[in-house]
Amino acid sequence: MRRLAVSLSFSFLVLLLAPPLSAETVTLPAVTSLPPGAAASPFFSDVRVFNTSYSSPVSVTAVYRCFIPQGCSAAGRSAAFSLSPRESRAFDDMILSVFNAPSTAGAVEFTSSGSDIRVTSRLYSTAPIPTVGMFIPGLKNSEAHSVSVLTSLANGAFRTNIGVYNGEDSAVVVTIKLFNGTVQLGSQVVSLGPRSGTQINRIFDAVGQGGLVTTNAYAVVETGSNDAEVFSYAAVIDNATTDPIFVTGAEDQRAPPSASPTVVELVGRQFRWSFNGGGSSFTMQVGQTYELRMRTLDVTHGFPGIPQLALEPAALAPGAAEIVRVVRPTSAQIGSYVFACDIECGSGHGFQGTINVASP
């Protein structure tokens, strides 16, 4: 009897000292409930959550991280539920039926304890009929990366949207660089708060390359450090059929420091252009990649573009994000290129700037 008591006491002690069951978080990076009239096209997310265990139930907490529209009141709404062994639970139009947040979009984090879960979803539009949709998987934390690549991007007969979700508790700055072959078309810089995200619709338009026709572009999504990891995705939509595909970001490697572009700031103000806070001219070296970041300090100004350098026009509006253009001059482009403000901005309108291209 004493041996049995000792054995039971030892077993109880082992249970007390055993580590708690680990919690797992799976993230759906793109979910929405947009009824007709709330957007150009209605969209909904039907979600499925599955318990992989053959013997143990699992408790799940789902948290809605709403970020469209910005600052929406539904951010942080949560729901808890349990799944029996091998049970799959259906949540049709989950953002409305569970979180009561119509006309919003964002991500959902599913945290479970006791056993692994799988999360899948279909994001689809009810117009035109028949419906079209794309499969969106739930992503484990290991699928968030500091540098990721999105391949199979297209434009022309297609359009591409790119999304990023920050599942960390600290803010992060993310740079999205768009490439066609080895040529960088442009970039977008976004700042994301904790547990928030964004989606850039028509990414080719956003970087000034809306007229480009391609089916083999890619984007590199990069945070400022290896410790900051984000989820990235792309939706590529056929303009004729509205048939979409969903691309998740695959882990990539950070470019060597020597391959980083030279950042050049171009600021328009009444009434002059200023490069990097200095004069109205700047010299670029053949073979070097430059990231031209443009903005205004006062009213709207117009950068007319420089076709010889493949620099597209841009309207620089007050309060808007920087407009980024990327250029890598060749020896055939050596020379001086004068440009002038092409949007009426006051009595000094038409002020000029110059980009020179020279041999290194």
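Would you be able to tell me the number of residues in the stretch 140-160 that are more than 22 Å from GLY224 (Cα to Cα) and surrounded by fewer than 22 Cβ atoms within 10 Å (Cβ to Cβ)?
Count: 6.
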Q | Options VAL221, VAL174; residue that is under 16 Å from the mean Cα position of the chain (by Cα), of a type in the set (A, V, I, L, M, F, W, C), part of a strand (DSSP E or B) and at pLDDT below 95 | A | VAL174
Q | Tally, over the stretch 285-330, of residues that are closer than 19 Å to ASN180 by Cα and in a loop (DSSP other than H, G, I, E, B) | A | 8
Q) From the set of residues in the stretch 93-119 that are hydroxyl-bearing (Ser, Thr, Tyr) and under 23 Å from the mean Cα position of the chain (by Cα), which is farthest from PRO57 (Cα to Cα)? A) SER103
Q | Selection within the stretch 273-284 - under 16 Å from SER336 (Cβ atoms), among the polar types (S, T, N, Q) and in a loop (DSSP other than H, G, I, E, B) | A | SER280
Q | Criterion: of a type outside the set (Lys, Arg), assigned to a loop (DSSP other than H, G, I, E, B) and either touching a residue at least 24 places away in the same chain (Cβ under 8 Å) or under 21 Å from SER170 (Cβ atoms) (or both) - qualifying residue of ALA75, ALA107, ALA90, ALA62 | A | ALA75
Q: Report yes if some residue within the stretch 255-269 is touching a residue at least 40 places away in the same chain (Cβ under 8 Å) and polar (S, T, N, Q); otherwise report no.
A: no
Q. From the list GLU312, GLU291, GLU251, which one is surrounded by 15 or more Cβ atoms within 10 Å (Cβ to Cβ), farther than 16 Å from ASP342 by Cβ and of a type in the set (Asp, Glu)?
A. GLU291
Q: Give me a count of the residues in the stretch 159-179 that are within 18 Å of ALA75 (Cα to Cα) and free of Cβ contacts under 8 Å to residues at least 60 places away in the same chain.
A: 3
Q) Which of the residues spanning the stretch 111-169 are within 25 Å of ASN216 (Cα to Cα) and outside any strand (DSSP E or B)? A) GLU143, ALA144, SER146, GLY156, ALA157
**Q.** Matching residues in the stretch 78-87 - criterion: being in a loop (DSSP other than H, G, I, E, B) and of a type in the set (Gly, Ala, Ser)
**A.** SER84
Q.
Being in the same structural domain as ILE176 (by TED's automatic domain parsing), out of contact with any Lys or Arg (no Cβ under 6 Å at 6 or more places or on another chain) and surrounded by fewer than 18 Cβ atoms within 10 Å (Cβ to Cβ): is that true of ILE245 here?
A. yes
Q.
Among (1) over 20 Å from VAL189 (Cα atoms); (2) in contact (Cβ under 8 Å) with a residue 40 or more places away in the chain; (3) assigned to a loop (DSSP other than H, G, I, E, B), there is one condition ALA228 misses while meeting the rest; what is its number?
A. (1)
Q. Could we say that THR296 is polar (S, T, N, Q), free of Cβ contacts under 8 Å to residues at least 60 places away in the same chain and within 14 Å of PHE351 (Cβ to Cβ) here?
A. yes
(Q) Any residue that is under 22 Å from ILE245 (Cα atoms), free of Cβ contacts under 8 Å to residues at least 40 places away in the same chain and hydroxyl-bearing (Ser, Thr, Tyr) - is there at least one of those in the stretch 123-141? (A) yes
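The values are calculated or read from the model by the stated rules, or taken from the named source; none is laboratory data. Everything numeric in this text was worked out from a predicted model, so none of it was measured. Backbone-built Cβ (ideal geometry, glycine too); neighbour counts: all protein chains shown.
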